[in-house]
Amino acid sequence: FSFSWQTTFQDGGEEVEDGAVYNVTLKKVQIQQAANKGARWLGGEGDQLPPEHTVRQYETSKIRAIKAGTLEKLVENLLTAFGDADFSYISIFLATYRAFASPRAVLELLLDRFGNLETSNQGEVANLNSLESEMVLRAEIASVLRAWLDQCSEDFREPPDYMCLLKLLDYLKNNMPNSDMESRVQNLLKQFQNQEVEAVDGFCSTSSSDLVDGEELEISNPEEFSSFQDHVVAEQLTYMDVMLFRRVVPYHCLGSIWSQRDKKENKNLAPTVRATITQFNAVTKCVISTILGTRELKIQQRAKIIEKWIHIAHECRILKNFSSLRAIISALQSNSIYRLKTTWMCVSKDILLMYEELSEIFSDHDNYLTSRELLMKEATSKFANLDSSEKENQKKSQKRLQLQKNKGVMQGTVPYLGTFLTDLIMLDTALQDYVEGGLINFEKRRREFEVIAQIKLLQSSCNSYCLIPDQKFIQWFRRQRHLTEEESYKLSREAEAAADTNILSPKSQKSMVKRISTLFLGTDVFTPPKEQALKSSPVGGSSGESTDSASVSSCEFNHSETEDVCVTPVSSPEDPLKKRSVGSDKGYDSDKGSISSDKGPGSSKGSICDAGSGLDSGSMPCRDSGSLLGSAPRALPVYNRQSEGSCIIRVSMDGLHDSIYKSILITNQDRIPDVTQRALLKHNLEPDAVEDYELVQVISEDKELVFPRDANVFYGMNSHVNFDFILRKRA
C-alpha cells in the first residue's frame with residue numbers, strides 16, 4: 001500500500017480541572033491509502049492512484065497544553081506532558097520556572113509527591129497499582145531529571161551545601177541504584193565541589209582585577225594600539241564575547257529576574273548577564289580612551305584611530321560579532337567623540353560610508369527591525385552575509401570574507417544581548433504572572449521561552465568559533481584605564497579647541513564639509529526622529545533619532561519595568577551640541593529615553609509648566625517598540641504606543657536616581673493613585689506615600705504635563721511625545 005498524510009488543526013477550546021486550565025487542540029490527520037498493484041492499470045503513474053481510486057481515512061487526536069495552573073499541577077504536568085502531546089512543555093518549564101518557584105520547591109514536589117514509588121499508589125498519580133505502571137513512572141521521572149541535568153545543570157550549583165543535588169542523589173540511590181543517572185549526579189557534585197565559586201567579576205575576562213601584581217592601569221599608547229592588526233583586535237574581542245555569552249544562564253535574562261538586580265539583597269543576581277555588560281562597557285570605554293587619552297595627538301592621528309576602530313567594527317561584522325560591533329559604534333556616537341567635528345572631517349569618505357552602513361544595522365526604526373532580521377538570518381549561517389552600497393567597501397568586504405571561508409571553519413553569531421533583555425522585560429511588564437483563581441500564567445512562560453530559545457540557539461552557534469587567545473592583546477586590553485565621563489568630555493573639548501583650523505585651506509574645508517553633509521545631517525539641521533533614518537554622525541552632531549549610542553546600547557539592556565539605568569551625557573550646559581546628543585560615554589549599563597525638543601507639547605491636557613529639573617535632553621532617542629521578537633501579537637502593550645486600551649510608560653524618580661526608569665503597564669482604567677503606587681513599588685519605595693507625589697509627563701526640555709490628583713493617565717497623557725514620566729514629591 002502507499003500512504004500520504006494531510007494534517008489540519010482545530011481549536012478545541014479549554015478544559016478546566018481542579019488547579020489547572022488546559023488549551024485543547026484537535027489534530028486531524030487524513031490518510032490517503034491505495035494498493036500498489038494495479039495502480040498503473042487504473043491510470044496512475046508509479047504508485048499514485050487517481051483521486052477517485054484512493055481510500056481516505058481520518059484519525060483525530062487531542063493535544064492538551066496547560067495554560068495556567070498551581071505549582072503542583074505544573075510539576076505534575078512534567079510527567080504527563082508527553083501523553084498529552086505537549087512535547088515542548090518540559091523544556092519551557094525548565095527554562096522559565098525560576099520566575100515563580102525555586103529549584104528546591106520543584107524538586108521536592110517532583111520526587112516526594114509524584115516520584116515516590118512507595119506511596120504513589122495512594123492516589124497522587126493514578127494507575128500505579130501494577131509493576132508496569134511503576135516502570136512507566138520511573139521512566140518518566142528519569143526523563144525529566146535527565147532533561148533537567150542536560151539543560152539546566154546550573155540550577156543545582158548551590159555551594160557550599162548543594163542540598164538539591166544531595167537530595168537528588170539520595171533519591172536515585174533508593175529508587176534507581178547503580179543507574180547512569182546516579183553516576184552522572186555524583187560526577188556533577190564532584191565537579192561543583194572542586195570548582196571555585198566564581199565571583200561576579202570572575203565571569204568577565206577583562207576585569208581589571210585580573211591584572212598581574214604590580215601592573216597598573218594606563219592610558220593607551222597610540223603606537224602600541226596601532227601595532228595590533230584590525231582583524232586581530234576583532235578576533236580577540238570576539239573571543240572574549242564568545243566566552244561570556246556561552247556562559248550566560250538563560251533564566252538570568254527573564255524580565256522578572258533581571259528587573260530585580262539593583263535591590264541591595266540581589267547584588268550578585270544574574271552574574272552571567274552582568275559580565276556581558278561589563279565587557280560591553282569595557283569595549284566602549286576602550287574606544288573612547290584610545291581616541292582621547294593622549295592629549296598630544298594631532299588631528300590626523302586622532303582621525304586615524306577613529307578609522308582604525310571603524311575597520312575593527314567592520315571586522316567584527318565579518319565575524320558576526322554584533323556585541324562588540326555595537327559597542328564600538330556606540331562609543332563613536334558618544335558625546336565626547338561625535339563632537340570632534342574637525343577630527344571627523346579628516347576621516348576618509350570610504351570609511352565614513354562604511355561607518356554609516358554599520359550604524360544602520362542598529363537603527364531603532366520599527367523596534368530595531370534591521371538588527372533583528374539580520375541576527376536571525378545569520379544565526380545559523382556559516383558566514384556573514386555582507387552587502388555594501390559602496391563598491392570599494394564591497395570589494396574589501398568580500399576579500400576579507402573569502403579569507404575566512406578559505407580557513408574552512410564555520411562561524412557562530414554573538415548577539416547584542418540587550419535586544420533579548422528588552423523583549424523579555426517588555427513581556428514581563430505586559431503579561432500577568434497570575435490569572436483568575438491565583439493560577440500561574442503559563443502562557444506567559446511559553447511566550448518568554450520563544451525568546452529564550454533564540455538565546456540558546458545562538459549559544460549553540462558559538463561553538464563553531466575557533467579562536468585562539470592572544471595574550472599580548474588581552475593584557476593590553478586589561479591594562480587600559482577608562483576615562484570617566486567628565487574626563488572624556490574635558491579631553492574632547494581640549495582636543496577640539498586645540499585643533500588647527502588652518503590645516504585645511506578654506507576651499508578644501510568647504511569641499512570636505514559639503515562631502516560630509518551629503519552623508520549626514522549638519523549641525524544646524526535637526527530632523528524630528530520620526531522623519532529620519534539613521535542619518536546622524538559625529539561629524540555634524542547627532543540626529544537624536546537612531547544613532548544607537550552607548551546609552552542606547554545600554555538602554556536596550558536595561559529597558560525595563562526594571563531599572564533602566566540611564567547616565568547623563570558628559571556634555572556641559574553650555575555645549576551647543578547637547579540637544580542633539582546621541583548618548584553617553586557610560587555604555588551598556590545606561591538607558592535613557594529622550595524627549596525631542598522638536599516635538600512640541602502636542603495636544604496635552606492638564607497644566608503645562610517649566611520642566612525645572614526635568615530630563616536631560618542629552619539622551620537616547622525615542623524608540624518605537626513594535627512587535628516583540630518574532631511572534632508577539634500587535635495587541636501586546638508596548639512603550640510609546642497606545643493599543644487596545646493599554647500601553648507601557650516609563651517613570652523615573654525626580655531627585656533620586658532620576659536617570660533610572662521603570663517600565664509600567666497602564667490601562668484606560670488607571671488613575672493617578674494607581675499608577676503612582678505601582679511606580680513607587682517598582683522603585684522600591686513606600687507605596688503608602690501616594691499622596692506625597694505628583695505624576696508629570698515630560699513634553700520637551702522646558703515643558704511638562706502635570707496631572708491632577710485623580711486624573712485618568714491613559715486618556716490624559718500626551719500620546720504624541722515619548723511616554724516618559726517623572727514622579728516628583730509635592731512642594
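The values are calculated or read from the model by the stated rules, or taken from the named source; none is laboratory data. None of the values given here were measured: they were computed from a predicted structure. With ideal geometry, Cβ positions are generated from the backbone for all residues, glycine too; neighbour counts draw on all protein chains shown. These area figures cover heavy atoms from the full protein model, side chains too; ligands, DNA and RNA do not enter into them. Shrake-Rupley method; radii C 1.70, N 1.55, O 1.52, S 1.80 Å.
Quick look at the values:
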read-out: Mean separation of Cα contacts under 8 Å (6+ apart) over length of the range 227-487, as relative contact order %; value: 27 percent
read-out: Highest-first arrangement of 310-321, 74-85, where packing means the average Cβ count within 10 Å; value: 310-321, 74-85
read-out: Cβ-derived FRET efficiency at R0 41 Å, A139 paired with T7, nearest 0.05; value: 0.90
read-out: Heavy atoms of R709: accessible area, 1.4 Å probe, square angstrom to 10; value: 130 Å²
read-out: For the range 227-487: accessible area per residue (Å², 1.4 Å); value: 36 Å²
read-out: The range 299-374, dipole about Cα centre (Lys/Arg Cβ +1, Asp/Glu Cβ -1), debye to the nearest 20; value: 400 debye
read-out: Per principal axis, descending, Cα span of the range 641-729 in whole Å; value: 31, 28, 21
read-out: Pairwise centroid distance, computed over Cα atoms, of the range 131-147 with the range 692-715, Å; value: 58 Å
read-out: K349/E450 FRET efficiency (R0 41 Å; Cβ-Cβ; nearest 0.05); value: 0.45
read-out: Whole-Hz couplings from phi, Karplus 6.51/-1.76/1.60, listed for the range 143-160; x for Gly and Pro; value: 5, 5, 5, 5, 5, 4, 5, 5, 8, 9, 4, 5, 4, 9, 7, 10, x, x
read-out: The range 227-487 - convex hull of alpha carbons, volume per residue in Å³; value: 147 Å³
read-out: Projected label distance in nm at K173 and R481, using a 7 Å step from Cα toward the beta-carbon; value: 5.7 nm
read-out: Cα→Cβ-extended label distance, 7 Å offset, between C466 and S719, nm; value: 5.6 nm
read-out: Length released on extending from L131 to E436, taking residue separation times 0.36 nm less the Cα-Cα span; value: 105.9 nm
read-out: Rounded to whole Hz, the Karplus (6.51, -1.76, 1.60) HN-Hα couplings of the range 432-440, x for glycine and proline; value: 6, 6, 10, 10, 3, x, x, 7, 5
read-out: Stretchable slack from E15 to D180, in nm (0.36 nm times residue separation minus alpha-carbon distance); value: 55.6 nm
read-out: Length gained when the stretch V29-E72 is fully extended (0.36 nm per residue, less Cα-Cα span); value: 12.1 nm
